[in-house]
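Asks: Take a look at the following structure, please.
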Amino acid sequence: MDTKQENIIRTDYAEVMQKSYIDYAMSVIISRALPDVRDGLKPVQRRTLYDMYELGIRYDRPYRKCARIVGDTMGKYHPHGDSSIYESLVVMAQDFKKGKTLVDGHGNFGSIEGDGAAAMRYTEARLEKLTQEVFLADLDKDVVDFMPNFDETEKEPVVLPVKIPNILVNGAEGIAVGMATSIPPHNLGEVVDAVKAYMKDNDISVKGLMRYVKGPDFPTGGIVVNKDELRKIYETGVGKIRLRGRVEVEKLKGGRMQLVITEIPYTMLGANIGKFLNDVAALVETKKTTDIVDISNQSSKEGIRIVLELRKDTDVENLTNMLYKKTRLEDTFGVNMLAVADGRPETLSLKQIIEHHVDFLFELTTRKYNTLLNKELEKKEIQEGLIKACDVIDLIIEILRGSKSREQVKKCLVDGVTEGIRFKSKASEKAAAKLRFSEKQATAILEMRLYKLIGLEIEALQAEYAETMKNIARYRDILDNYSSMSEVIMDELDSIKKEYNTKRKTSVENAEEAVYEEKKMEEMEVCFLMDRFGYMKLIDKTAYERNREAAHSEYKYVFPCMNTDKICIFTDSGKMHAIKAADIPLVRFRDKGTPADNLSNYDSAKEQMIYVAPLGQIREARLLFVTEKSMCKLVEGAEFDASKRTIAATRLGEDDRLIFVGNAGEMDQVVLQSSGGYFLRFLKSEISLMKKTAMGVRGMKLGENEVVKHAYLLESHQEYAITFHDKPYVLNKVKLAKRDTRGVKPRI
Amino acid sequence: MLGEQLVLFFDRNLETLKTVLSCAEKAAKIRKTEERAKTNLLTKQKYSFDSNGKLANCEKKDPSLCEIFIVEGDSAGGSAKTARDRNYQAILPIRGKILNVEKASIDKILANAEIKTMINAFGCGFSEGYGNDFDISKLRYDKIVIMADADVDGAHISTLLLTLFYRFMPELIYEGHVYIAMPPLYKVMPKKGAEEYLYDDKALEKYRRSHKPGSFTLQRYKGLGEMDAQQLWETTLNPETRMMKRVEIEDARLASSVTEVLMGSDVPPRKSFIYEHARDAEIDI
């Protein structure tokens, strides 16, 4: 159908996808989302700052409309959306977001509570002094490379000549493709000290650097609570910082107290403050705490102030810990110190970042002093020429007067060509032939003003020359000697620190994991019920009194217990599962219970319950254990008071299983019944008291394939009858024998 | 009997019950979305405009002659509408980056306005969701042309669109209906002689070698919006002068695995792909 001759290139789907995707991914990684390790800036930030520098919006000049800055940046260097440029400009001006703001904003630049900045047509901005002196100085001294902009009409710096490791001071965050970066801000003074320490000793360890850099320093303050883990984070560049807000207790009149949050964790910045308030409200609503009476956010220009009013007798520490645990008052800051280094994304350690920066500093300084040196050398050449000219000024005047053109004079001065020049004497001509000024010197002489011939001016010239020579010597020294250059760099770092350092806001310490006690329940007596399917519930004591008969006939286990107690379930596999009574639903008598499976590790498909009792009762008791292979032992009940949900209650032999657990307490005799129909009665005292990890002693001799079916505990004075072959059988009548004998087979 | 046991079972296996319930809920939600989408589709099919009126359709109805251009951004869509030959060229502007269908769930995909517009425009249904009514014989256009800016974001949009076609209308690609337009990257304006459009960096290199620097001025096209309608027609739309790439699948298994690695939700393979191919990238600064 297609008759037109078309230029169609056949391409493979996979190829197009890969090519397009890698172009996109790498562009986002290298030139959008990740900062350069040297200046710590993403391209959009660098371009905005450079544009402001070009527009001359200095810290000592008036503010300019942000819209102008954004428009200019977009048109000259950054052909992308205006919103991304304005957003980055705003963030650079937010003192609660950045360790050191780079832009001085005027107008509404947003707030710590997440309110956005005003539209860019309203707001104004200019550079900070720090930005101008530490980020943008010396750009005219050829310290960094420039590259053409997108349409090759302008030049922009590849990197800004930043004299401090901005990537540490201001941190960075950015999501690229397949990777993301997150670097916390640090204290300027500490970082500068670490750079100096590295310059003094290149083999310094991360631990050594951390003598200066104690940890992150967030503009929101707060407390870093995992100090010991910081070293690993700084060594690998990856890890998690645990961060808490700062909480103070204020006493009110009448003995009441209030908790005041004065610093939030950095991660709570913005809309998360509102979320925190909601979380606290939720804690109150769900009755997780009853200590908080009121919450109010009183933050203002004085800073953060979130007030929680408390009840009189509040356990403040417990409540604070609960807030740490249940809300974002304690949060983690995920660190991944990823930056573009030498054109590649790399996860860097603290030392590597400083290493890269120091290399950069030396490069900057070398280039700066090379430029300065060349300038001085040029000056020197001219000054030498002028001084020489003053010595022979009479001759030069003679040449000037005898020449016909400027060229002629120049030739004479440079090469001593005297042809065509009229001299007063042969001697002057001879002297003129010897002149050897350089091209530049000759030009300077020709352009020299006559007043320069005044004696004092000549002296001044000589003084200037001496100054130039001094400068040259100094610059040469800086360029040739590593130690001199280090000194220059360190002096500069010192002066930056002196002018711009601020006190650390975040404290770094080690804190215990926040542990809080849940609100104590009111202690009361309840009744535990469990049916034969393993459904359990608690009912009120009075409800039990009313339904006593029904309860005992319908339920397998019925016993009173405290609601603070634990229910212990012993199973045939030798385990004991504990369930907090508080976890069992307290319901009405006719309500459905909850299966034990859902409340504990008990698995109805794999094991059977043998004995269920409250821990309070077991603690006071002695338990008799009997297994299928007739291993018997007595264990102190207190041994089962464990905090774990499941423990091993006994040690079982191979293929053995527990058949009986019971409170031996007052009982003095034991009767074992085997599958072969044998009964053995013996004294309880023949079974010794053992640990719960023991296997026990043999209770009854068994035939082949015979197992113990039942065990009974009896009291000698009291008759105990069971139904055996459909007839009552009084166990007290079984002949009393020794333990570990065969027993008797009753004839019925 | 079963009922009794089932209650016992669910009491003990709350997680299972939850899973069953959430599955049912999800299915119901999808069914509802489908239903809605389907009714939308049915009511709108009578007319040639779509639900948000973005499609600028062509006059001819013969599918074998018609072309549809999917244009990145409203700003380029306007000039494309002016520039086209309205006899057989339809324009569908889409805004920004469309949903990554490899990561999204089917109900999200069906709820996406951009994707719905495209399905409506193509007229051939969708291989999932709308009762699986994909039917290539109903396709209204012979050529579906992706026209994105010549920058890296344009490249990203192309990959997103290709993923959509590959996953849900693969026949479009297998039968060679999907094209990628190639707008020129540069325009050179020499002091003497005619202007020229250059379509890639190699052409520019060649041009630079044969012409003295300074003897021409260069315009770099970052976006389709930079061209006026006439230029757009000459360079990108006119079948006699334009260049296009036809997307074909040579190795189906490779195509599937590439899509999964690049667009899927698993990050580590993507990361290693990026590290492996980092050197081949043309970075846009």
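The values are calculated or read from the model by the stated rules, or taken from the named source; none is laboratory data. Since the model is a prediction, treat every value here as computed from it, not as a measurement. Cβ placement follows ideal geometry from the backbone for every residue including glycine, while neighbour counts extend to all protein chains displayed. With ligands, DNA and RNA removed, areas are computed over all heavy atoms of the protein, side chains included. Shrake-Rupley method; radii C 1.70, N 1.55, O 1.52, S 1.80 Å.
Asks: How many partner chain Cβ atoms sit within 10 Å of a residue's Cβ in peptide A:131-137, on average, as a whole number? Could the numbers behind the result be given before it?
Replies: Details: counts 0, 0, 0, 0, 0, 0, 0.
Mean partner-chain Cβ count within 10 Å for A:131-137: 0.
Asks: I would also like to ask the following. Averaged over its residues, how many other protein chain Cβ atoms are within 10 Å of peptide A:492-505's Cβ atoms?
Replies: Working: counts 0, 0, 0, 0, 0, 0, 0, 0, 0, 0, 0, 0, 0, 0.
If you average over the peptide's residues, the count of other-chain Cβ atoms is 0.
Asks: Treating the angle as unsigned and between 0 and 90°, give the value, to the nearest 10°, between the Cα long axis of helix B:252-263 and the longest Cα principal axis of chain B.
Replies: Around 90 degrees separate the two axes.
Asks: Follow-up. Please calculate how many Å² of accessible area region A:242-379 carries per residue, with a 1.4 Å probe and no DNA, RNA or ligand atoms counted.
Replies: Per residue, region A:242-379 has 46 Å² of solvent-accessible surface.
Asks: If you place +1 on the Cβ of every Lys and Arg, -1 on the Cβ of every Asp and Glu, and leave all else neutral, what size is the dipole of region A:357-499 about its Cα centre, to the nearest 20 Debye?
Replies: Working: 25 positive and 26 negative charges, 203 e Å.
Once rounded to the nearest 20, the dipole reads 980 debye.
Asks: Continuing with the same structure: Exposed loop sites here are chymotrypsin sites (Phe, Trp or Tyr not before Pro) in DSSP loop states with at most 13 other C-beta atoms within 10 Å. What is the longest stretch of chain B lacking them? Don't jump to the answer; show the numbers that get you there.
Replies: Numbers: sites that count: B:Y47, B:F49.
Value returned for the longest uninterrupted segment is B:50-285.
Asks: Moving on. By how many degrees, between 0 and 90 and to the nearest 10, does the Cα long axis of helix A:13-28 differ from the longest principal axis of chain A?
Replies: 70
Asks: Would you be so kind as to identify which of A:L450, A:H357, A:S405 lies farthest towards the positive end of the dipole of region A:357-499, taking Lys and Arg as +1 and Asp and Glu as -1 on Cβ and the Cα centre as origin?
Replies: Positive-most Cα among the choices belongs to A:S405.
Asks: Rg to Rh ratio, region A:620-733, alpha-carbon atoms and Kirkwood radius? Walk me through the numbers before you get to the answer.
Replies: Numbers: Rg = 14.4 Å, Rh = 14.8 Å.
My calculation of the ratio gives 0.98.
Asks: Which value, in Å² rounded to 10, gives the accessible area of B:R84 with a 1.4 Å probe and all protein chains present?
Replies: Accessible area, nearest 10 Å²: 50 Å².
Asks: Accessible area per residue of region A:385-424 at 1.4 Å probe, in Å²? Write down the numbers at each step before the final one.
Replies: Values: 2450 Å² over 40 residues.
Here the per-residue accessible area is 61 Å².
Asks: Moving on. Could you list, in their original order, any pairs among A:K537/A:K566; A:K42/B:K187; B:K29/B:K138; A:K42/A:K100; A:K556/A:K644; A:K207/A:K240 whose Cα atoms are separated by more than 22 Å?
Replies: Numbers: A:K537/A:K566 13 Å; A:K42/B:K187 30 Å; B:K29/B:K138 28 Å; A:K42/A:K100 16 Å; A:K556/A:K644 25 Å; A:K207/A:K240 18 Å.
From A:K537/A:K566; A:K42/B:K187; B:K29/B:K138; A:K42/A:K100; A:K556/A:K644; A:K207/A:K240, over 22 Å: A:K42/B:K187; B:K29/B:K138; A:K556/A:K644.
Asks: Leaving out ligands, DNA and RNA but keeping every protein chain, what accessible area does A:K470 have, in Å² rounded to the nearest 10, with a 1.4 Å probe?
Replies: Here the residue's solvent-accessible area equals roughly 140 Å².
Asks: Which value, in Å² and to the nearest 10, is the accessible area of B:S22 when all protein chains are kept and the probe is 1.4 Å?
Replies: 60
Asks: With each run of n ≥ 4 DSSP H residues scored as -39500 (n - 2.57), what mean residue ellipticity at 222 nm is computed for the protein assembly as shown after dividing by its residue count and rounding to the nearest 500 deg cm²/dmol? Before the final figure, lay out each step's value.
Replies: Working: 32 runs with 381 residues, N = 1033.
For the protein assembly as shown, the value works out to -11500 deg cm²/dmol.
Asks: Please name the residues of region A:168-192 whose accessible area, counted over protein heavy atoms with a 1.4 angstrom probe, falls by no less than 40 Å² between the chain alone and the full protein assembly.
Replies: A:G178, A:M179
Asks: Now a separate question. May I ask for the distance between the Cα centers of region A:119-140 and region A:226-276, given as a whole number of Å?
Replies: 32
Asks: Identify the GluC sites (Glu not before Pro) of region A:419-491 meeting these criteria: DSSP loop state and at most 11 other C-beta atoms within 10 Å of the C-beta.
Replies: Details: sites: A:E419, A:E429, A:E439, A:E447, A:E457, A:E459, A:E464, A:E467, A:E487; in loops: A:E419.
Listed in order of number, the matching sites are A:E419.
Asks: So, one more: Could you please state how large a percent of the accessible area of chain A is carbon and sulfur, counting protein chains only and using a 1.4 Å probe? Spell out each step's value before the answer.
Replies: On the way: 17550 of 36960 Å².
That share works out to 47 percent.
Asks: Do you know the relative contact order of chain A, to the nearest whole percent, from alpha carbon pairs under 8 angstrom that are 6+ apart? Walk me through the intermediate numbers first.
Replies: Details: 1338 pairs, mean separation 66.2, N = 748.
Relative contact order for chain A comes out at 9 percent.
Asks: Check each residue of region B:206-226 and keep those whose accessible area, probe 1.4 Å, is at least 10 Å² smaller with all protein chains in place than in the chain alone; give them in order of residue number.
Replies: Those are B:R208, B:L218, B:R220, B:K222, which lose 10 Å² or more relative to the chain on its own.
Asks: To the nearest 100 Å², how much accessible surface do chains A and B hide from each other in total, with a 1.4 Å probe? It would help to have the intermediate numbers written out before the result.
Replies: Working: alone 39450 and 16720 Å², together 51390 Å².
Accessible area lost upon association: around 4800 Å².
Asks: Further question: For region A:449-455, just list the computed ³J(HN,Hα) in residue order, Karplus coefficients 6.51, -1.76 and 1.60, θ = phi - 60°, integers in Hz, with x standing in for Gly and Pro.
Replies: Whole-Hz 3J(HN,Hα) from phi for region A:449-455: 8, 5, 5, 5, 7, 4, x.
Asks: Further question on the same structure: Using DSSP to define loop residues, name the chymotrypsin sites (Phe, Trp or Tyr not before Pro) in region A:528-559 whose beta-carbon has at most 16 other beta-carbon atoms within 10 Å.
Replies: A:F533
Asks: Cα axis of helix A:482-500 to longest principal axis of chain A: angle in degrees, 0 to 90, nearest 10?
Replies: So the inclination is approximately 70 degrees.
Asks: Shifting gears a bit: Counting other Cβ atoms within 10 Å, keep those with at most 15, restrict to DSSP loop, and tell me which GluC sites (Glu not before Pro) in region A:654-726 are left. Walk me through the intermediate numbers first.
Replies: Values: sites: A:E654, A:E666, A:E686, A:E704, A:E706, A:E715, A:E719; in loops: A:E654, A:E666, A:E704, A:E706, A:E715, A:E719.
Qualifying residues, ordered by number: A:E654, A:E666, A:E704, A:E715, A:E719.
Asks: With the other protein chains left in place, how much accessible area per residue, in square angstrom, belongs to region A:37-140 at a 1.4 angstrom probe?
Replies: 39
Asks: If I build a Gaussian network model for chain B, linking alpha-carbon pairs within less than 10 angstrom, which residue out of B:E15, B:E114, B:E226 has the largest mean-square fluctuation?
Replies: Largest GNM mean-square fluctuation: B:E15.
Asks: Set the Förster radius R0 to 60 Å, insert the Cβ-Cβ distance between A:L586 and A:T502 as r into 1/(1 + (r/R0)^6), and round the FRET efficiency to 0.05.
Replies: Numbers: r = 57 Å, r/R0 = 0.95.
The pair A:L586/A:T502 has a calculated efficiency of 0.55.
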